Amino acid sequence: MTTLTVPSPREITEPARSGNKETMVLNMGPHHPSTHGVLRLVLELDGEVVVNVAPDVGYLHTGIEKTMESKTYQKAVVLTDRTDYLAPLSNNLSYVLAVEKLLDCEIPVRVQTIRVLLTELTRIGSHLVWLGTHALDLAAMSVFLYAFREREEILDIFELVSGARMMTSYFRVGGLAYDLTDDFLPTVKHFLDHMSDHIDEYEDLLTRNPLWLERSVDVAPISAEDAIAYGLSGANLRACGVNLDMRKLIPYSGYETYDFDVPIGKNGDNYDRYLVRIAEMRQSLRIAQQAHQRLVDMGPGPYVTADRKIVPPPKHEITHSMESLIHHFKLWTEGFKVPRGDAYVGIESPRGILGTYLVSDGGPKPYRVHFRAPSFINLQALPHMARGRLVADLVALIASLDPVLGEVDR
Amino acid sequence: MLGELFKGLRTTLRYMFEQPVTVQYPEVKRPVRERFRGKHELKRFANGLERCIGCSLCSAACPSDAILVVPAENDPENPTSPGERYAATYEINMLRCIFCGYCEDACPTNAIVLEHQYELSFYDRHTSIYTKDMLLVPPDQGHGEIPPILEQLGNKRPSPPAQIDL
């Protein structure tokens, strides 16, 4: 068992200042292309070998959790988009499920199916960014171009259904923001049909490529025991051979009814993390195909819960029904009240277990919202994994851990 | 070993002879989807009256507090909007706006709509505040009839009893 400490930048810079050390201190970031955001790393180097690393987070701190306390439950949804900005719909889902758990409200099956379909597309989109930037960091430019080409199609689907490419805010407490459009299902179908071939293409470029193998096999491995001790989750944990997936462990939104496998790695090195994420994209496609088929079979239906105390009435009603008008104004100004208590919901976001802990004091605004941000927790293992490796491997390792700094700092 | 490298090179070579997927912005613009949320527009009814009745619900629904509405009483002889009040001031701070569309969802008269214009840039903070005349559509571009409930309020006749759908 390793000591579970994460060095602070001062631990590295102070001894160096005294001047009797042989090692060199190097600042990497906060503005560095390979840190994938504003992450500052203080490196202690012996030649090209990393002796110690201290991640210095907080450069992108925006106070999202605190700001949510001053917004009504429905308005706070837009803030969740901005934590992990590569997977906005997963964040929406985690928060919305926590509020719905406290409200104890019934969500129609059709809504749950749409949520599953869209979060799986989010996972593919997020993994495509990871794949593209990871390969780009190791100087494989074309994968990046191909991955972003497919991601564009996913973003186009989001724009089609929610009106925004990235800051979707499509999942709302009690259901969805709007119903699906007529061309949604055919567009998704078109994407799902050819995506599998594109994943084959990425694999042609990388999986057996000797240069890729040289840079990723046995680079920065972590044992399953250490990974659990550090609290890693998602593909980073599964690459070590630990079978932990919230979609299987504590299913939400009806995941227990879908047929899919959880890809598991063995060595916990960069290559296994790569293989696990590639396999995850294929599994996500499987789930999305099943969800798509269910939506085709289901046909039109409700897109919000029937509870009028949570979701505003349809707009055409408010011109002739005073009751609806009152509800409409009441919900958009004061919002709905959530029973006193607390709730925790963990979902499997593209980066790992994304948990929302919500405390309500019975009012229309959350008393406290906390996110268990997988990126932040995964990043804690970085020093442990980077020690004794080359600087070039550190660059590969950061990309392989796939942190999103918006979520790390919140 | 080398065979695997050539497998990858074959993929990239194949794409050399295909049409690029990139669009030459700003010469060519990618069409946006119907639901795309861009710059706001304040709409009018078919007869040219403003749809906005100054209820400030958009302002209340805005998560980033970007909207300022100052309502005023309509002149009965020459009304600006149907009903009792209209928006004397309507300002949106485009630096604060996050284009979430909550104002559109909240508006009871469908007065504010997020349209497809997405090229919004300004040289200073002052010009980022879009005023009512920048947002309002021309009088001949109105649509839709005035709902009866607003007509009755404008005519200063007593309001009809509330019809409640249960």
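Structure notes:
- Nearest-20 debye value, chain B charge dipole, Cβ charges on Lys, Arg, Asp, Glu: 740 debye
- Rounded to 5, percent antiparallel among DSSP beta bridges of chain A: 100 percent
- Estimated at 0.36 nm per residue, the fully extended path between A:Asp156 and A:Glu323 surpasses their Cα-Cα distance by 56.3 nm.
- Placing unit charges on each Cβ (+1 for Lys and Arg, -1 for Asp and Glu) gives region A:299-410 a dipole about its Cα centre, and among A:Ser375, A:His328, A:Gly363 the Cα reaching farthest toward its positive end belongs to A:Gly363.
- Helical content alone sets the calculated 222 nm signal of chain B at -5500 deg cm²/dmol, taking -39,500 (n - 2.57) per DSSP H segment of four or more residues and averaging over every residue.
- Cα centroid of region A:347-410 to Cα centroid of region A:150-208, whole Å: 24 Å
- Interchain or long-range residues, amide H under 5 Å from A:Asp56's placed H: A:Arg40, A:Leu41, A:Val42
- Electrostatic bookkeeping for B:Asn110 treats Lys and Arg as +1 and Asp and Glu as -1; over the other residues with beta carbon under 9 Å from its beta carbon, the sum is +2.
- Positive minus negative residues near A:Val161 (Lys, Arg vs Asp, Glu; Cβ under 12 Å): -2
- Residues listed by number, region B:51-70, amide nitrogen under 15 Å from A:Ser70 label point at 7 Å toward C-beta: B:62-67
- Relative contact order of region B:14-155, defined on C-alpha pairs under 8 angstrom at six or more residues apart (%): 33 percent
- Counting only alpha carbon atoms, the long axis of helix B:2-16 and the longest principal axis of chain B meet at about 50°.
- In chain A, the longest principal axis of the Cα atoms and the axis of helix A:184-206 are about 10 degrees apart.
- Candidates A:Gly346, A:Gly234, A:Gly299: whichever shows maximal mean-square fluctuation once chain A is modelled as a Gaussian network with Cα springs under 10 Å: A:Gly299
- Over chain A: helical MRE at 222 nm, DSSP H runs n ≥ 4 each giving -39500 (n - 2.57), nearest 500: -15000 deg cm²/dmol
- Anisotropy class of region B:32-163 from Cα gyration tensor, a/c 1.5 cut: prolate
- Positive-end extreme of charge dipole, region B:1-132 - chosen from B:Tyr25, B:Asn110, B:Asn93 (charges on Cβ): B:Tyr25
- For chain A, built as a Gaussian network whose Cα springs stay under 10 Å, the top-fluctuating residue of A:Glu159, A:Glu203, A:Glu14: A:Glu14
- Residue pairs, from the table B:Lys39/B:Lys132; A:Lys337/B:Lys39; A:Lys248/A:Lys365; A:Lys248/A:Lys337; A:Lys71/A:Lys337, whose Cα atoms sit over 23 Å apart: A:Lys337/B:Lys39; A:Lys248/A:Lys365; A:Lys248/A:Lys337
- Three-way shape call for region A:172-243 based on the alpha-carbon gyration tensor, with the a/c threshold at 1.5: oblate
- Near B:His40, the amide H atoms lying under 5 Å from its own belong to B:Glu115; only residues 5 or more places off or on other chains count, and H is placed 1.01 Å from N.
- Here the dipole of the protein assembly as shown is about 660 debye; that uses its Cα centre as origin and unit charges on the Cβ of Lys and Arg (positive) and Asp and Glu (negative).
- Label sites at A:Asp361 and B:Tyr15, each approximated as a point 7 angstrom past Cα along Cα to Cβ, lie 5.4 nm apart.
- Angle between chain A longest axis and helix A:322-333 axis [Cα atoms, degrees, rounded to 10]: 20 degrees
- Karplus-derived 3J(HN,Hα) values for region A:174-183, using 6.51 cos²θ - 1.76 cosθ + 1.60 with θ = phi - 60°, are x, x, 10, 6, 9, 6, 5, 8, 5, 8 Hz; glycine and proline are entered as x.
- Centre separation in Å (Cα based) which lies between region A:75-108 and region B:1-54: 27 Å
- Subtracting the Cα-Cα distance of A:Asp297 and A:Thr333 from 0.36 nm times their residue separation leaves 9.2 nm of extension gain.
- Across region A:80-86, rounded Karplus estimates of 3J(HN,Hα) from the backbone phi angles (6.51 cos²θ - 1.76 cosθ + 1.60, θ = phi - 60°) give 5, 3, 8, 7, 8, 6, 8 Hz, Gly and Pro being marked x.
- Projecting label points 7 angstrom from Cα along Cα→Cβ for A:Val109 and B:Lys7 puts them 4.2 nm apart.
- Cα gyration tensor, region A:179-289 - rounded (a/c under 1.5), prolate or oblate: oblate
- Taking 7 Å steps out from each Cα toward its Cβ at B:Ala72 and B:Val28 produces label points 4.9 nm apart.
- Local net charge near A:Ile228, Cβ-Cβ under 15 Å (Lys/Arg +1, Asp/Glu -1): -2
- Under 12 Å of direct C-alpha separation, and excluding same-chain neighbours fewer than eight residues apart, A:Lys101 reaches these aspartates and glutamates: A:Asp342.
Here, each number is a calculation from the coordinates, and none is a lab measurement. Note that this is a predicted model, so its numbers are computed, not measured. All Cβ positions, glycine included, derive from the backbone under ideal geometry; neighbour counts span all protein chains shown.
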